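Asks: The structure under discussion is supplied below as structure tokens; questions concerning it will follow.
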Amino acid sequence: MAGTFTFTIIKPGAVSNEDIGPILNMINENGFHIAAMKLIKLRTAQAKKFYAVHSERPFYNDLIEFMTSGAILVAILEKDNAVEEYRKLIGNTDPLKAEEGTIRKKFAQSMQKNAVHGSDSDENAEIEASFFFSNSERFSIFDVSDF
Ligand code: GDP
């Protein structure tokens, strides 16, 4: 269903800092349902594909190195208008510009180690969600036919 879900990553810095619990708590407190979730370690080829849109940017190699440096948590989050609502909750890419009360303001260590990823459109949410999860790993509150 368009607009009802987004895709997130809790990035290596936040995972190794034991921030998974507090970040998931903020996600739940802000009304998101966790429809899929797992801990994985990205291979370089996967990280390059996921961030292909940034391949010409000067920070690309550092970003790939960082995103493959440790475990990440990937998840699908459901809520009405999920993409926009979650971008609001995570805050600005640059933690120095992130608003009070946002995940990045609270947990980001730097522009690169900015704690979380959130999809920027409904189209990308579906591309990113299906990059990591099969249909049998997704549990939508909007579709009870699986149960
Ligand atoms: P997002 O949608 O807010 O995550 O931002 P982007 O899609 O523009 O960038 C993807 C990720 O690349 C960001 O979350 C950062 O981890 C990293 N990044 C973006 N811009 C910079 C930058 O100028 N320097 C560094 N070191 N990393 C950056």
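Asks: A 26 angstrom limit on the alpha carbon distance is what I want to check against. Which of K38/K97; K79/K106; K49/K97; K48/K79; K79/K105 exceed it?
Replies: Values: K38/K97 29 Å; K79/K106 22 Å; K49/K97 28 Å; K48/K79 29 Å; K79/K105 22 Å.
The answer is K38/K97; K49/K97; K48/K79.
Asks: Kirkwood Rh over Cα pairs of region 5-146 into Stokes-Einstein at 25 °C, 0.890 mPa s: D in µm²/s? Kindly include the intermediate steps, with their values, before the conclusion.
Replies: Working: Rh = 15.3 Å.
Reported coefficient: 161 µm²/s.
Asks: Here's a follow-up. Computed on alpha carbon atoms, what radius of gyration and Dmax characterise region 87-147, expressed in Å?
Replies: Looking at region 87-147, its Cα Rg and Dmax stand at 14.9, 44 Å.
Asks: With springs connecting C-alpha atoms under 10 Å apart, model the chain as a Gaussian network and identify which of V116, V83, V53 has the largest mean-square fluctuation.
Replies: For the chain, modelled as a Gaussian network with Cα springs under 10 Å, the answer is V53.
Asks: To continue, here is another question. Fewest first, what order do M111, M67 take by the number of other Cβ atoms within 10 Å? Please list the in-between numbers first.
Replies: Values: M111 14, M67 22.
Listed from fewest to most nearby Cβ atoms, that is M111, M67.
Asks: Give the relative contact order (percent, whole number) for the chain; include only Cα pairs under 8 Å separated by 6+ residues.
Replies: Values: 240 pairs, mean separation 54.4, N = 147.
After rounding, I find 37 percent.
Asks: Could you give the length gained by full extension between V53 and F139, i.e. 0.36 nm per residue of separation minus their alpha carbon distance, to one decimal place? Write out the running numbers ahead of the final one.
Replies: Working: separation 86, 0.36 × 86 = 30.96 nm, distance 2.86 nm.
Here the answer is 28.1 nm.
Asks: Okay, moving on. For the chain, what is the calculated [θ] at 222 nm in deg cm²/dmol (nearest 500), taking -39500 (n - 2.57) for each run of four or more DSSP H residues and dividing by its residue count? Walk me through the intermediate numbers first.
Replies: Values: 7 runs with 55 residues, N = 147.
Rounded to the nearest 500, it is -10000 deg cm²/dmol.
Asks: Report the semi-axes of the equivalent ellipsoid for region 9-54 in whole Å, largest first, where each axis is √(5λ) for an eigenvalue λ of the Cα gyration tensor. Before the final figure, lay out the partial values.
Replies: Details: eigenvalues 110, 36, 19 Å².
Each semi-axis is the square root of five times an eigenvalue, giving 23, 13, 10 Å.
Asks: Provide R104, R57 in ascending order of the number of other Cβ atoms located within 10 Å of each residue's Cβ, fewest first. Spell out each step's value before the answer.
Replies: Numbers: R104 24, R57 11.
Ranking R104, R57 by Cβ neighbours within 10 Å, fewest first, gives R57, R104.
Asks: Quick one: if the Förster radius is 25 Å, what FRET efficiency do Q109 and R87 give, using the C-beta to C-beta distance and rounding to 0.05? The partial results should precede the final answer.
Replies: Working: r = 20 Å, r/R0 = 0.79.
Here the calculated transfer efficiency is 0.80.
Asks: Now, a different point. Please give the Cα centre distance for region 106-147 versus region 42-86, rounded to the nearest Å.
Replies: Centre-to-centre distance over Cα atoms comes out at 11 Å.
Each reported figure results from applying straightforward, stated rules to the coordinates on display, with no laboratory input. As the structure is a computational prediction, the values presented were derived from the model and not from experiment. Glycine gets a Cβ as well: all are built from the backbone with ideal geometry, and neighbour counts include every protein chain shown.
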